[in-house]
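Since the structure comes first, as structure tokens, the remarks are kept for the end.
The values are calculated or read from the model by the stated rules, or taken from the named source; none is laboratory data. Quick caveat, the model's predicted, so the values are computed rather than measured. Cβ coordinates were reconstructed from backbone atoms using ideal geometry, including for glycine residues, and neighbour counts include every protein chain displayed. Keep in mind that these areas ignore ligands, DNA and RNA; they rest on the heavy atoms of the full protein, side chains included. Shrake-Rupley method; radii C 1.70, N 1.55, O 1.52, S 1.80 Å.
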Amino acid sequence: MLMKCDILIKNTTLMTPDFEIAEAQSIAIHGSRIVEIGDYDELKVKYEPEHLLDGKGKLCMPGLVDAHTHTCQQLLKGRTMDELPMIWSRILVPFEGNLDEQDVRVSAELSCLEMIKSGTTAFADAGGVHMHQAAEAAVQSGMRAAITRSAIDIGDFLPDSMKQPMQDIIDSNEWLYKTYHGAGDGRIQIWFGIRQVMSCSPELIQAAAEKARQYNTGLHAHLAEHRDEVRYCLEKYKKRPAEYLDSLGALGPNLLTAHNVVYSESEIDLLKERNVNIVHCPRVNFSSHGIPKTPRMMQMGMNLGMGSDGSSSSNLSLFDEMRVFRSGIHMSWGLPVFDPVVLPAKDLIKMATIGSAKALLLGHEIGTVEIGKKADLILIDIDQPHISPSHSLINMIVESVTSRDVEDVIIDGKLVMKQREVLTLDEERILYESAQRMKSTAEKAGV
């Protein structure tokens, strides 16, 4: 008697956990997990699938994981390019502070829609206002997410609309955790947040770190993003940013830090010692902040992830992030010493998959295609002249694959997009409502 399975992917090209390519593989999925990988002739006599997906001419790989984004900034798309600094204090934070609940909901839906169509199956949101709406949107979309809420209690350069008393911030984040952690059949995590050392009091940082430990969840922070942050910490606390967070008990394996550009060598040693998860946002970093010491971090064996930082100045495609990151790191660290493999293709793909999955504290569940892991998978149409034939399909993922090449998306064992049609979200409605709200949200914030 045949065993039931929910999805059987037939005869696909597969990216293995060690970033090799295996031809003519079939994958059986039941419930939320991968139950078997093997030859189709063997699997078809064992399983009766509810859905049979033809994988011919497609590459199956783990869904990409955006380890740092801002879903509430989606309605700023195209607004911040070519702007003078400081963009986050002049535009981004004031914009967030003027959003109402429906603005946040539509923005988050649009973000999820774009991520799914870009091959991203999970994300970490650094937080904004009304984050219960972002959690609801993630549940509706079928995506996996680690979400926190805005944590800003100081900063003369920031609008009062975004600042709250420390205890109100912690209480609100705790309510968000108790209400939404584990929602969507376990797909939603609620984390605690540290927006940035320049906008969080020492008391808030300590309280957020303690609550994250108490609830055994993650802590999300922007760190070492730009030189102003370093100057601020040195002048006010006589410590560099990473040293300052360590003095408050915030550095640890549950901490996800975004950007990570302006570190001293001793700070990198400290972050490695504390097993902090490092997330780079290549396009934003290169255009506004600088070049991180990524080769040094890789050499030390630190866990590295990748994020989009939201779409206010670009888009949410991690394929684009990989491509830009390789060029920038090669130009800065490889070319001067004639090292063409200073950041190999496999390491870039690793950052956007298992590296980011580990940053979300989910490396044991997602990030690779393996028996027993959650079925968070994407199928890419490789039967196209800009991809095939090729001497190395792994190299082509970095050099040539785009978001538009993603054909099918499976998250938690459920088909979320089939042949470019998103099955969980009303794309036409979301695009219409987003267009209606884009102008009004900018006008309310005066940006």
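Miscellaneous remarks
- Fraction of beta bridges assigned by DSSP in the chain that are antiparallel (%, nearest 5): 45
- In this structure the amide hydrogen of Val416, modeled in the peptide plane, comes within under 5 Å of the amide hydrogens of Val409, Ile410, Ile411, none closer than 5 places in sequence on its chain.
- The phi-based Karplus calculation (6.51 cos²θ - 1.76 cosθ + 1.60; θ = phi - 60°) puts the 3J(HN,Hα) values of the range 15-32 at 8, 7, x, 9, 6, 9, 10, 10, 8, 6, 10, 10, 10, 9, 10, 9, x, 9 Hz, whole numbers, x for Gly and Pro.
- The magnitude of the dipole of the range 15-67, with charges of +1 and -1 set on the Cβ of Lys/Arg and Asp/Glu and taken from the Cα centre, is near 140 debye.
- Were the residues from Arg429 through Glu174 laid out at 0.36 nm apart, the gain over their Cα-Cα distance would be 88.6 nm.
- Residue ranges 323-332, 120-129 sort as 120-129, 323-332 when ordered by packing (mean number of other C-beta atoms within 10 Å per residue, highest first).
- Only lysines eight or more places from Lys238 in sequence, or on another chain, were considered; those with a Cα closer than 28 Å are Lys163, Lys211, Lys272, Lys293.
- Under 18 Å from Lys58, Cα to Cα: lysines that are on another chain or at least 8 residues apart: Lys10, Lys117, Lys418
- Projected label distance in nm at Lys418 and Ala22, using a 7 Å step from Cα toward the beta-carbon: 2.6
- At R0 = 35 Å, FRET efficiency that the Cβ-Cβ distance of Leu52 and Ser390 yields, to 0.05: 0.80
- Residues whose amide H falls under 5 Å from that of Gln189, counting only those 5 or more places apart or on a different chain, are Ala145, Ala146, Ile147, Gly182, with hydrogens built in the peptide plane.
- Residues of the range 203-222 falling in the label zone of His364, defined by backbone nitrogen less than 18 Å from a point 7 Å along Cα to beta-carbon, are 213-219.
- The residues neighbouring Leu316, those whose beta-carbon lies less than 10 Å from its own, together hold a net charge of -3 under the Lys/Arg +1, Asp/Glu -1 convention.
- The string of couplings for the range 204-218 from the Karplus curve (6.51, -1.76, 1.60, θ = phi - 60°) is 5, 4, 5, 5, 5, 5, 5, 5, 4, 5, 4, 8, 6, 10, x Hz, one whole number per residue in order, with x for Gly and Pro.
- Highest mean packing first, where packing is the average number of other Cβ atoms within 10 Å per residue, the peptides 254-260, 180-186 line up as 254-260, 180-186.
- FRET efficiency, Glu42 to Asp339 (Cβ-Cβ, R0 60 Å, nearest 0.05): 0.85
- The mean sequence distance of close C-alpha pairs (under 8 Å, at least 6 residues apart), as a share of the length of the range 64-360, puts its relative contact order at 20 percent.
- Mean accessible surface per residue for the chain, computed with a 1.4 Å probe while every protein chain stays in place, in Å²: 39
- Accessible surface of the chain [probe 1.4 Å, protein heavy atoms]: carbon and sulfur percent: 51
- Packing around the peptides 349-356, 9-16, 385-392, 210-217, taken as the average count of other Cβ atoms within 10 Å per residue, puts them in this order, highest first: 349-356, 9-16, 210-217, 385-392.
- Length released on extending from Leu2 to Val324, taking residue separation times 0.36 nm less the Cα-Cα span: 111.2 nm
- Pair Ser287, Glu265: separation of 7 Å Cα→Cβ label points (nm): 3.4
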